[in-house]
Amino acid sequence: VSVPLITFLSDFGSEDWFVGAVHGVIAAICPEARVVDVTHAIPPGAIERGAFVLEAAAGDFAPGTIHLAVVDPGVGTARRALAVRARGQLFVGPDNGLLDWALADPACETRSLTDARYFRHPVSRTFHGRDVFGPVAAHLARGTAFAALGPVIGDPVRLPSRRAHRDDGAWIGQVMIIDRFGNALTNLSAEHVVEVLDGAGEEALVVHAGGRRITGLSRSYGDAPVGTIVAVLGSSGRLEIAQVGGDVSQRYGIGLGDPVRITKAG
Amino acid sequence: VSVPLITFLSDFGSEDWFVGAVHGVIAAICPEARVVDVTHAIPPGAIERGAFVLEAAAGDFAPGTIHLAVVDPGVGTARRALAVRARGQLFVGPDNGLLDWALADPACETRSLTDARYFRHPVSRTFHGRDVFGPVAAHLARGTAFAALGPVIGDPVRLPSRRAHRDDGAWIGQVMIIDRFGNALTNLSAEHVVEVLDGAGEEALVVHAGGRRITGLSRSYGDAPVGTIVAVLGSSGRLEIAQVGGDVSQRYGIGLGDPVRITKAG
Amino acid sequence: VSVPLITFLSDFGSEDWFVGAVHGVIAAICPEARVVDVTHAIPPGAIERGAFVLEAAAGDFAPGTIHLAVVDPGVGTARRALAVRARGQLFVGPDNGLLDWALADPACETRSLTDARYFRHPVSRTFHGRDVFGPVAAHLARGTAFAALGPVIGDPVRLPSRRAHRDDGAWIGQVMIIDRFGNALTNLSAEHVVEVLDGAGEEALVVHAGGRRITGLSRSYGDAPVGTIVAVLGSSGRLEIAQVGGDVSQRYGIGLGDPVRITKAG
C-alpha cells in the first residue's frame with residue numbers, strides 16, 4: 001500500500017477548531033492521505049521557532065512526505081504562498097521564512113502558489129491554512145504535479161542566519177530551542193564536534209554554556225548522576241546541553257539564543 | 001474512495017485517556033472511518049462554548065460529515081442522548097443545548113438515542129462518550145440508518161438565544177469567543193454588516209466595542225500598523241475585533257459577552 | 001476490513017515534534033495501521049502515572065491492540081526494551097515498570113527487544129520512541145511474530161505494589177490519579193465495594209477520604225446537589241470520589257496517594 005503522508009505544523013493551538021478544519025479540508029480532497037500532526041503549539045506568529053521545529057522534524061520522515069506548515073501572521077496581506085521541493089520532500093507554507101530549511105537546499109525548487117484551482121473557495125482573508133495551504137498539500141498528495149501550482153520564483157523570504165561559526169580551534173553556536181524535557185538544543189552538529197576533536201576521543205570535548213564548563217560527551221541523558229549537567233549528541237544529530245533527570249534551562253538558567261562554545265581540552 | 005468522516009469535540013482534555021478510548025471504540029466498530037479531532041479543550045462542562053465551537057467548525061466540513069460532540073455534565077442522569085440530522089450533516093451528543101446550531105435548522109430531524117443495540121455494553125454511568133455517543137457515531141459511519149437510532153422528539157433542550165438584535169439603523173451583537181490569537185469573534189455576520197452599510201462602502205462601517213470606536217473594515221489582521229485595533233470579517237463569516245500582531249482581549253480588555261455595535265458613519 | 005490498531009502513550013508533550021516523528025516512523029513501516037493517541041501529557045519521567053493511565057486505557061481497547069508506551073527517563077542506559085503479550089493484547093515499552101499492568105497478568109509473556117532488524121537505524125542514544133519502540137510496534141502491526149523480537153525474560157522491572165489491603169471488614173486503598181474533571185480515582189474496585197457491602201444495598205457503603213465521610217454510592221456525577229461530595233463507580237470500574245459540578249481535589253484537598261477507606265454502615 002502506498003499512502004501519501006502529510007505532516008502538519010502550525011501555531012493554531014488546540015483550543016479552537018482551526019486544526020480540525022484543515023484536517024477536514026484535506027480529507028475532503030484526498031481521503032486516502034494520512035495526516036500526522038507535528039505540533040500546533042508554536043507560539044502565535046513565532047516563525048523562527050516554527051522553522052526550527054520543522055527542520056528538526058522533517059528529517060525523520062520518509063522521502064516524498066509533504067510538509068504543511070502554517071505560522072502566518074501576514075495572512076491576507078501581499079505575502080506570497082509557497083511550495084518548495086527540496087531534500088526529496090515537499091513543503092507548503094507562507095513566504096515568510098518558515099520554510100527556511102527547505103530553501104537552504106541549493107537544489108530546491110520554489111513555486112509561488114498562484115493557481116486558484118487548488119484553493120478552497122471562497123478564499124477567506126484570514127485562514128489560508130484552510131483555504132490555500134491545506135488544499136494545496138492535499139492536491140499534491142492526490143498527485144497534482146508540483147509544476148502545476150504556480151511559477152518558479154527566485155527570491156523567497158529567508159531567515160537571518162543562525163549558523164554556527166568558527167573561532168580558531170573552536171566552534172561557537174547557540175541554543176535554538178528548549179524542549180519539553182528542559183534540554184537545550186543547539187545549532188552545533190555532530191560534524192562540528194568531530195572537527196573540533198580532530199581525532200581525539202569524546203572525553204576531550206569541552207563545552208562552555210551558561211557560564212558552565214562541561215567536559216566529555218555523555219552517551220545518554222541518564223548515564224551520569226542525577227542533577228549533573230551533561231552534553232549529549234541528541235536524536236536529530238545536534239549537540240544538546242541537558243541536566244540528568246531535570247530541566248537544564250530552569251536549573252542552570254540556560255535560555256534561547258545563549259552562546260555555546262566547543263573546543264578540545266588541553 | 002468514500003471514507004466516512006467523524007469529527008470529535010469534547011471537554012475531555014488531553015491529560016487522561018478519555019479521548020483515546022473513544023477513538024478506540026470507533027475504530028473497533030467502523031475501522032474505515034476517519035476521525036478528526038476538533039478540540040478537546042472545551043472547559044469542563046462549558047456547554048455554550050462547546051456549542052459555539054461546534055457551530056464555527058461544522059460549516060467547514062463536507063456534507064455527510066458526522067459530528068460527535070460530548071460536553072456532558074449531566075452524564076448518567078435522566079438527560080436524553082440525541083442524534084440530529086440538519087444542514088446536510090449528522091450530529092450526535094447529549095440533550096443539553098450543545099447541538100443548538102443543528103437544532104436551529106428549521107428542517108432538522110431530532111432523535112432520542114434509545115436503541116441500545118448501538119451502544120457499548122455495559123453502559124457506564126459516567127462515560128457516555130465511550131459507551132453511547134461514540135458507538136452511535138461509529139454505527140452511523142458504518143451505514144446504520146438514522147431512523148433506526150430511536151424515536152423522533154420535538155422538545156430538545158435549546159440554549160438561550162445569543163442572536164444579534166436590531167436597534168434603529170444599528171445591529172448590536174456580542175463577543176462569543178476569544179480565539180487562540182486573541183481575536184474577539186462576534187455573533188455579527190457579513191449579512192449584518194451589509195445591511196448596516198446599506199450600499200455604502202466598507203470604509204463607512206463603524207464598530208463600537210470595549211469603549212473603542214473602529215471605522216472601516218480591514219481586509220486582514222496584518223494590513224494596518226502593529227498594535228492597531230481593527231474589525232475584520234473572519235474565516236467563518238463573523239465580524240471579529242482584532243489587534244494587529246497582538247491580543248485584543250489583553251490589550252483592550254474586550255471579553256466574552258461584551259456588546260459590539262455596528263452602524264454606518266455619518 | 002481488519003485494521004491493526006496501535007495506541008500511543010508518552011511523556012513527549014505536544015510542543016515539540018517527538019510525537020509526530022513516531023507517527024511518521026510507524027506510517028513508513030505499516031501504512032495500514034491506525035494509531036490512536038492516548039495521551040502525551042504524562043509529566044516527564046512520571047512512570048507511575050504513565051503505568052496507571054495505560055492500565056485505565058488498555059481495557060477499553062479490543063483484543064489484539066498493540067499498546068506503545070514511552071515514558072523513558074533511562075533511555076540510552078542499560079535498561080532493556082520490552083514487548084509483553086498479556087490480557088489478549090500486546091505492549092511495547094521500556095523495562096522500568098511502565099508496563100506493570102501487563103506484567104501483572106500471570107499468563108504474560110515478556111520478551112527483551114534484541115533483534116535490531118526491527119529498529120530504525122542508526123539508533124540514537126536519546127530517542128528510542130522513534131528508533132526502537134515505535135518501529136517494533138509497527139512491525140508487530142505488520143504481522144511480525146512476537147517471538148521474533150527477542151528472548152523471553154523472567155525478571156522485568158515491576159512497580160512497588162499499589163494494591164488495596166483489607167483491614168477487618170474494611171478495604172483501604174488510595175487515590176491514584178486526579179482526572180481532568182477533578183475526580184479522584186482510587187485503586188478500589190467494584191469487587192471491593194461488593195465484598196464490603198456483603199449483600200447490603202449501595203446506600204450502606206461508607207467511604208472515608210480526605211477527612212470526609214460519604215455514605216452511599218451515587219449513580220452519576222450529576223444526581224446530587226451541586227457541590228456535594230459523592231462516591232461513584234467510574235467508567236473503568238474504579239471507585240471515584242467526586243464533587244458534583246466541581247473539582248473535588250481543589251474543593252476538598254484530596255490528593256494523590258491519600259488513603260480511601262470503605263466499610264459498611266452500622
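The values are calculated or read from the model by the stated rules, or taken from the named source; none is laboratory data. A quick note: this is a predicted structure, and the numbers were derived from the prediction, not measured. All Cβ positions, glycine included, derive from the backbone under ideal geometry; neighbour counts span all protein chains shown.
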Practice task
Kindly provide the set of residues from the stretch C:62-105 that are farther than 26 Å from A:VAL232 by Cα and charged (D, E, K, R), ordered by number.
Solution key: C:ARG85, C:ARG87, C:ASP100, C:ASP105
Practice task
Please enumerate the residues belonging to the stretch A:74-98 that are buried (at least 20 other Cβ atoms within 10 Å of the Cβ), at pLDDT below 95 and not hydrophobic (A, V, I, L, M, F, W, C).
Solution key: A:GLY74, A:GLY76
Practice task
Consider A:ARG213 carefully, then state whether it is free of Cβ contacts under 8 Å to residues at least 24 places away in the same chain and within 16 Å of the chain's Cα centre (by Cα).
Solution key: no
Exercise for the section: Please state which of the following conditions A:SER161 fails to meet, knowing it meets all the rest: (1) farther than 23 Å from A:CYS30 by Cα; (2) in contact (Cβ under 8 Å) with a residue 12 or more places away in the chain; (3) under 16 Å from the mean Cα position of the chain (by Cα); (4) not in a helix (DSSP H, G or I). Expected result: (2)
Practice task
Just need a number here: residues in the stretch C:144-160 that are of a type outside the set (A, V, I, L, M, F, W, C), more than 11 Å from C:THR110 (Cα to Cα) and buried (at least 17 other Cβ atoms within 10 Å of the Cβ).
Solution key: 1
Problem - Whichever residue in the stretch B:35-50 is farther than 17 Å from C:THR7 by Cβ and touching a strand residue (DSSP E or B) at 6+ places or on another chain (Cβ under 8 Å) and, among such residues, is surrounded by the fewest Cβ atoms within 10 Å (Cβ to Cβ) - result: B:ARG49
Practice task
Just give me the residues in the stretch A:77-87 being in contact with a strand residue (DSSP E or B) (Cβ under 8 Å, 6 or more places away or on another chain) and either within 14 Å of chain B (Cβ to nearest Cβ) or assigned to a loop (DSSP other than H, G, I, E, B) (or both), in sequence order.
Solution key: A:ARG79, A:ARG80, A:ALA81
Exercise for the section: Looking only at the stretch A:32-53, count how many residues are within 22 Å of C:VAL22 (Cα to Cα) and more than 8 Å from chain C (Cβ to nearest Cβ). Expected result: 8
Problem - Restricting the stretch C:98-131 to residues that are touching a His at 6+ places or on another chain (Cβ under 9 Å) and in a helix (DSSP H, G or I), the residue that is nearest to C:ASP72 (Cα to Cα) - result: C:ASP131
Handout entry: Tally, over the stretch B:75-101, of residues that are in contact with a Ser or Thr (Cβ under 8 Å, 6 or more places away or on another chain) and of a type in the set (Gly, Ala, Ser)
Key = 3
Problem - Residues within the stretch A:106-122 that are modelled with pLDDT of 95 or more and within 23 Å of B:VAL232 (Cα to Cα), tallied - result: 4
Exercise for the section: Would you check if A:PHE8 is in contact with a Phe, Trp or Tyr (Cβ under 6 Å, 6 or more places away or on another chain) and aromatic (Phe, Trp, Tyr)? Expected result: no
Practice task
State yes or no: is A:LEU90 under 22 Å from A:HIS23 (Cα atoms), part of a loop (DSSP other than H, G, I, E, B), under 15 Å from the mean Cα position of the chain (by Cα) and of a type outside the set (Ser, Thr, Tyr)?
Solution key: no
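Listed here are the residues, each with its yes/no results for (1) out of contact with any strand residue (DSSP E or B) (no Cβ under 7 Å at 6 or more places or on another chain); (2) touching a residue at least 12 places away in the same chain (Cβ under 8 Å); (3) within 14 Å of chain B (Cβ to nearest Cβ).
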position	(1), (2), (3)
A:THR65	no, yes, no
A:ASP95	no, yes, yes
A:ARG111	no, yes, no
A:ASP115	yes, yes, no
Fill in the blank from the handout: A:GLY173 meets each of (1) at pLDDT below 95; (2) buried (at least 21 other Cβ atoms within 10 Å of the Cβ); (3) out of contact with any Phe, Trp or Tyr (no Cβ under 6 Å at 6 or more places or on another chain) with one exception, condition (1)
Problem - Residue within the stretch A:13-29 that is in contact (Cβ under 8 Å) with a residue 24 or more places away in the chain, at positive phi and within 12 Å of chain B (Cβ to nearest Cβ) present - result: yes
